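Undergrad: For reference, the structure I am asking about is given below.
The values are calculated or read from the model by the stated rules, or taken from the named source; none is laboratory data. Just so we're clear, the structure is a prediction, and the values are computed from it rather than from any experiment. As a convention, Cβ positions derive from the backbone with ideal geometry for all residues, glycine included, and neighbour counts pool all protein chains shown. Accessible surface areas use protein heavy atoms only, side chains included; no ligands, DNA or RNA. Shrake-Rupley method; radii C 1.70, N 1.55, O 1.52, S 1.80 Å.
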Amino acid sequence: MQYTEIMVRYGELSTKGKNRREFIGRLNGNVTKALHGFDQLRIHPKQDRMHIVLNGDDGKAVMGRLHEVFGIENYSPTVKVAKNMDAVHDMTTKIMADIAGDEPKTFKIETRRSDHHFELDTNQMNLDLGDWVLDHFPNLTVKMKHPDITLRVEVRRDGIYLMNQKIKGAGGLPVGTAGKGMLMLSGGIDSPVAGYLAMKRGIDIEMVHFFSPPYTSDNALNKAKELTAKLAPYVGKITFIQVPFTEIQEQVKHDVPEGYLMTVQRRFMLQLTDKIRVMRHGLAIINGEAVGQVASQTLESMVAINDVTTTPIIRPVVTMDKTEIIQHAKDIDTYDLSIMPFEDCCTIFAPPAPKTHPRLDRARYYEDRMDDVDGLIQRSLDGIKISEIKSTDHFLNTDQDVIAELL
Ligand code: ATP
Ligand code: MG
C-alpha cells in the first residue's frame, strides 16, 4: 500500500493553551529531528493532530522512527484521495483487498467530517461504504463493537483520507517539555532504564558517568557511551559527561573506615553531579536506585547520601523489583550491553561489607575529616570531558558472539 501521509495523534496533552502550544512545538521539533534525512516529507503540526505528508518518502521507514518519539499516543498510515466517491470507492477496494483475506471477518466504517459541504454526511458515508464493502467482499460482515477491521474515513477540506490501522506510539511527553536533568549513568542495568523512563516523562537528560582509570578499563567507559547511544534515538543525540573519579576514590579509601567507604564515595558522586548540574543548567538529578536492592540503597543510605544536596533526585525505578527493571531493560534493548562484564568504579572500590544502615552524622564526620575536600572536587571537575553521542555512534564491539565469549 502506497501511503500518502502518517497521521499522528498526540499523547497526554494538557488542555491549557500555553502548555498545548509548548507540547506541540516540542513534538514538532523532536519529530523533525527523528525524521532527519527524509528529504521529501513535510510535517504539519495542527492543534489536534500532526500530519506527516510523505511526498514519496518511505512510510514504513518513517513509522519506524516515529515509534521512538515520546508524546505520540498512536499513529495511522493514511491514503489521501480526491473528493469524489469514485476515488473513495476505488481506494476502499484497494485497502480492503490488502487486509480482508478469505476467512470470515467483521468490519465497520468510521467517518469523521470537518468539511460540512461534502455531498455525503458521516452517516451516509458509513452506509455507502459499508454497502460497497459488503458487495465486493463476501467474507466480510458488519459489526459495530470490536470489529476485526475498522476503516476510518476523514472528509477534510483538501481531500478524503482513509486509514485502517492505529499503531500505538511511545506515549509519554515530548522530551524537553519537563526541562533538563542529569542522569547518573553507570554501566549497570538500572540507570539506563531510569534514563529511558525520565525521558518518557519529558525530561531532557545529560549523562554523568564516573570512571576511575587505571582501576576501570576503557571498556567500562565505552560501555557507558554505548548505552548512551542506545538511548539516543529517543532524542537524536545525548550529551555525555565523563568525570574522573580515581583520586577521590583513592583518598576516600585511605581516609575513611571501611564500613563508610561506599557511603562517602556516593556523597562525592552526588556533590559532583550537582555541581555539574548547575554548570549545565539542569533542574534535577536522576539515578537508578531501587529501595533495598543493595547496601547503598536502603532508606538509611539514601538519607546519608542525599544529605549533600536539596536538588530533586528522581528515581524512576525506585519501587520496582529487579525482574521488572530487567524486563524494561530488555524492552529498550540495553540489557545485553548492561550485563557485559566490564567493572565500573563502584564495583572495584566496593568494600566487602558496606554498612547497610549508615548513620548520617558519621558519614558527615568522616567526610569532614578528609583533607582538602574542595580541592579533590575541583580537580575532578577540571578533568571532565564532554561529548555528544548519536544513535549511530559505536564504542564497543556488541557482536553477540563476542559478548557470549566474554561472559
Ligand atoms: P545500576 O544498574 O544503574 O548500576 P545498581 O543497582 O548497580 O544500579 P549501584 O551500582 O549501587 O546500583 O548504583 C546506584 C546508582 O548510582 C546507579 O543506578 C547510578 O544512577 C549511580 N551510579 C553508580 N555508579 C555510577 C557511575 N560510575 N557513574 C555514574 N553514576 C553511577
Ligand atoms: Mg551499578
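Undergrad: Assuming 1.002 mPa s and 20 °C, estimate D for region 339-388 with Stokes-Einstein, Rh taken as the Kirkwood radius over Cα pairs, in µm²/s. Show your work: numbers first, answer last.
TA: Details: Rh = 14.2 Å.
Translational diffusion coefficient: 151 µm²/s.
Undergrad: Oh, and also: On the Cα set of region 180-405, report Rg and Dmax in Å, please.
TA: Using the Cα atoms of region 180-405, the pair Rg, Dmax is 16.6, 49 Å.
Undergrad: Evaluate the Debye formula for region 316-362 with equal point scatterers sitting on the alpha carbons, no solvent, and hand back log10 of I(q)/I(0) at q = 0.17, 0.22, 0.28 Å⁻¹, in q order, two decimals.
TA: -0.78, -0.97, -1.01
Undergrad: Per residue, how large is the accessible surface of region 5-168? Use a 1.4 angstrom probe and give square angstrom.
TA: Working: 8810 Å² over 164 residues.
Per-residue value: 54 Å².
Undergrad: Express the C-alpha Rg of region 1-69 as a ratio against the empirical globular expectation 2.2 N^0.38 Å, rounded to two decimals. Each step should come with its number before you reach the end.
TA: Working: Rg = 12.2 Å, N = 69, 2.2 N^0.38 = 11.0 Å.
Output field value: 1.11.
Undergrad: Longer than 26 Å from Cα to Cα, which of Lys46/Lys168; Lys230/Lys322; Lys83/Lys108; Lys180/Lys390; Lys275/Lys330; Lys180/Lys253 are they? Say none if no pair is. Spell out each step's value before the answer.
TA: Working: Lys46/Lys168 20 Å; Lys230/Lys322 20 Å; Lys83/Lys108 21 Å; Lys180/Lys390 18 Å; Lys275/Lys330 32 Å; Lys180/Lys253 33 Å.
Pairs exceeding the cut-off: Lys275/Lys330; Lys180/Lys253.
Undergrad: Ok, one more. Classify region 169-264 as rounded, prolate or oblate from the Cα gyration tensor: take a ≥ b ≥ c as the square roots of its eigenvalues, call it rounded if a/c is under 1.5, otherwise prolate when a/b beats b/c and oblate if not.
TA: On the way: a/c = 2.88, a/b = 2.06, b/c = 1.40.
Prolate.
Undergrad: Are there any helices in the chain, counted as whole DSSP H runs, that stretch 18 Å or more along their axis by Cα and score at least -0.5 on average by Kyte-Doolittle, and if so which? It would help to have the intermediate numbers written out before the result.
TA: Numbers: long enough: 17-34 (25 Å, -1.12); 85-99 (21 Å, 0.23); 122-136 (21 Å, -0.58); 218-231 (20 Å, -0.69); 261-279 (27 Å, 0.18).
Going by DSSP H runs, the hits are 85-99, 261-279.
Undergrad: Turning to a different aspect of this structure: Lys and Arg at +1, Asp and Glu at -1: add these up for the other residues within a Cβ distance under 13 Å of Pro174 and post the number.
TA: Computed value for this residue: +1.
Undergrad: Roughly how many percent of the accessible protein surface of the chain is carbon and sulfur, given a 1.4 Å probe and a whole-percent answer? Mind dumping the intermediate values first?
TA: On the way: 9580 of 19500 Å².
Of all accessible area on the chain, carbon and sulfur atoms account for 49 percent.
Undergrad: Alpha carbon centre of region 190-211 versus region 50-123: separation in Å?
TA: Spelled out, the Cα-based centre of one part sits 36 Å from the other.
Undergrad: Output the Cα-based Rg and Dmax of region 139-196 in Å, rounding Rg to one decimal and Dmax to a whole number.
TA: Over region 139-196's Cα set, Rg and Dmax evaluate to 21.0, 57 Å.
Undergrad: Here's something else I'd like to know. Could you give the accessible area per residue of region 285-390, probe 1.4 Å, as a whole number in Å²?
TA: Details: 5570 Å² over 106 residues.
Averaged over the residues of region 285-390, the accessible area is 53 Å².
Undergrad: For the chain, what's the relative contact order in percent, using C-alpha pairs closer than 8 Å and at least 6 residues apart? Mind dumping the intermediate values first?
TA: Details: 780 pairs, mean separation 68.7, N = 407.
Result for the chain is 17 percent.
Undergrad: Enter the per residue convex hull volume of region 5-168, computed from alpha-carbon coordinates, in Å³ rounded to the nearest integer. Could you put the intermediate results ahead of the total?
TA: Working: hull volume 20.8 nm³, N = 164.
Measuring per residue, one finds 127 Å³ for the Cα hull of region 5-168.
Undergrad: For the chain, what D do you get in µm² per second when you plug the Kirkwood radius from alpha-carbon pairs into Stokes-Einstein at 4 °C and 1.567 mPa s?
TA: On the way: Rh = 24.3 Å.
The diffusion coefficient I find is 53 µm²/s.
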